[in-house]
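The next block holds one structure in the form of structure tokens; read it before the comments.
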Amino acid sequence: HALGWDAGRCDESFRRLVGQGLADESRRAAPPVPAPAEPPEYSAADIKRELENSGSLFPGLVQEVQRKLGKVLSTADLKTLYAIYDFTGLPAEVILLVVSWCTEEARRKYGEGRTPRLPQIEKEARRWKERGVDTLETAEPYLKRLSALRDRTAQVMALLDIRDRPAVAREREYIAAWVDMGFPDESIREAYERTVLKKQSLNWAYMNSILCSWHKKGLHTPE
């Protein structure tokens, strides 16, 4: 629980220790208690205690986040940031990367001077944790993929004749799946035209079903 590992990862680690002669299979512990799905309700006293803890990285994290966001964090903000720090177990340097990414996205979407709210940052941090992005080594390639996918999303939106707004979350999920499937522009456009011909307008679910069907058959290029 302290490491933020699920039962599968704990079990795999134990098997490796047994294989190296560092643990006894006969003394396997009971399965760990599942970690709670939501963070506890942190109090102002919890935050104060952590800020006054000379051995904690949290005070330095608070200063850096305030600098990046250009504001002093409120008590509610501090509780949310502490939930990221304590509950997700992400290292402070990875949390700062999450903050930087969210800040960059907010400015790109809404203009200079706009910054993300702490609940948005927390949501993104949980997403990183769920995807195993919990070290600097895993964060670097993940950020590169996010940047590439952001650019590709804008290209695909233009292919779908949507140029007056950015993609919403569900649209980004569809596009990310199509990119992972390996479809070039021409095939995406073909699926779009077939969708409009059938539905009289863009229907994301219907278009996705076309591309998924092609992918299962190994059909990716117009040829």
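The values are calculated or read from the model by the stated rules, or taken from the named source; none is laboratory data. Note that this is a predicted model, so its numbers are computed, not measured. Positions of Cβ are backbone-derived with ideal geometry, glycine not excepted, and every protein chain shown enters the neighbour counts. These accessible areas exclude ligands, DNA and RNA; they are computed on the full protein's heavy atoms, side chains included. Shrake-Rupley method; radii C 1.70, N 1.55, O 1.52, S 1.80 Å.
Which one is most open to solvent (accessible area, probe 1.4 Å) among residues in the stretch 172-213 that are of a type in the set (S, T, N, Q) and over 22 Å from Arg150 (Cβ atoms)? Full working, then the answer.
Going through the stretch 172-213, the residues of a type in the set (S, T, N, Q) turn out to be 187, 195, 200-201, 203, 208-209, 213.
Restricting the remaining residues to those that are over 22 Å from Arg150 (Cβ atoms) gives 195, 200-201, 203, 209, 213.
Values: Thr195: 0, Gln200: 142, Ser201: 63, Asn203: 57, Ser209: 59, Ser213: 43 Å².
Only one residue tops the list, namely Gln200.
Filtering the stretch 160-171 to residues that are surrounded by 15 or more Cβ atoms within 10 Å (Cβ to Cβ) and modelled with pLDDT of 90 or more leaves Leu160, Glu171. Taken over the stretch 102-135, the criterion of being over 23 Å from Ala167 (Cα atoms) and in a loop (DSSP other than H, G, I, E, B) is satisfied by Gly132, Val133, Asp134, Thr135.
Pick from the stretch 142-159 the residues that are open to solvent by 50 Å² or more (accessible area, probe 1.4 Å) and among the small types (Gly, Ala, Ser): which of them is farthest from Ala83 (Cα to Cα)? Out of the qualifying residues, it is Ala154. Within the stretch 89-108, which residues are under 11 Å from Val133 (Cα atoms) and open to solvent by less than 20 Å² (accessible area, probe 1.4 Å)? Selection gives Leu90, Val94, Ile95, Val98.
Name the one entry in Lys68, Lys48 that is of a type in the set (D, E, K, R), part of a helix (DSSP H, G or I) and touching a helix residue (DSSP H, G or I) at 6+ places or on another chain (Cβ under 9 Å). Can you show your working first?
Numbers: Lys48 fails: touching a helix residue (DSSP H, G or I) at 6+ places or on another chain (Cβ under 9 Å).
Answer to the selection: Lys68.
Of all residues in the stretch 109-141, those that are surrounded by fewer than 16 Cβ atoms within 10 Å (Cβ to Cβ) and either of a type in the set (Ser, Thr, Tyr) or in contact (Cβ under 8 Å) with a residue 12 or more places away in the chain (or both) total 7.
Look at Lys216 and say whether it is exposed (fewer than 13 other Cβ atoms within 10 Å of the Cβ), more than 22 Å from the chain's Cα centre (by Cα) and among the basic types (Lys, Arg). Considered against the rule, which asks whether it is exposed (fewer than 13 other Cβ atoms within 10 Å of the Cβ), more than 22 Å from the chain's Cα centre (by Cα) and among the basic types (Lys, Arg), Lys216 comes out as yes.
Kindly establish whether Ser56 is in contact with a helix residue (DSSP H, G or I) (Cβ under 9 Å, 6 or more places away or on another chain), surrounded by 13 or more Cβ atoms within 10 Å (Cβ to Cβ) and of a type in the set (S, T, N, Q).
Details: in contact with a helix residue (DSSP H, G or I) (Cβ under 9 Å, 6 or more places away or on another chain): yes; surrounded by 13 or more Cβ atoms within 10 Å (Cβ to Cβ): yes; of a type in the set (S, T, N, Q): yes.
Judged against the criteria, Ser56 is a match.
Beta carbons closer than 6 Å, at least 6 apart along the sequence or on distinct chains, pair a first residue in the stretch 1-23 that is open to solvent by 100 Å² or more (accessible area, probe 1.4 Å) with a second that is of a type in the set (A, V, I, L, M, F, W, C) for His1/Ala35.
Taking residues in the stretch 54-67 that are under 13 Å from Ile95 (Cβ atoms) and β-branched (Val, Ile, Thr), and partners anywhere that are open to solvent by 10 Å² or more (accessible area, probe 1.4 Å) and part of a helix (DSSP H, G or I), the pairs with Cβ atoms closer than 9 Å and at least 6 places apart or on different chains are Val62/Leu51; Val62/Leu78; Val62/Tyr82; Val65/Asp77; Val65/Leu96. The number of residues in the stretch 71-88 being of a type in the set (Ser, Thr, Tyr), surrounded by fewer than 19 Cβ atoms within 10 Å (Cβ to Cβ) and in a helix (DSSP H, G or I) comes to 1.
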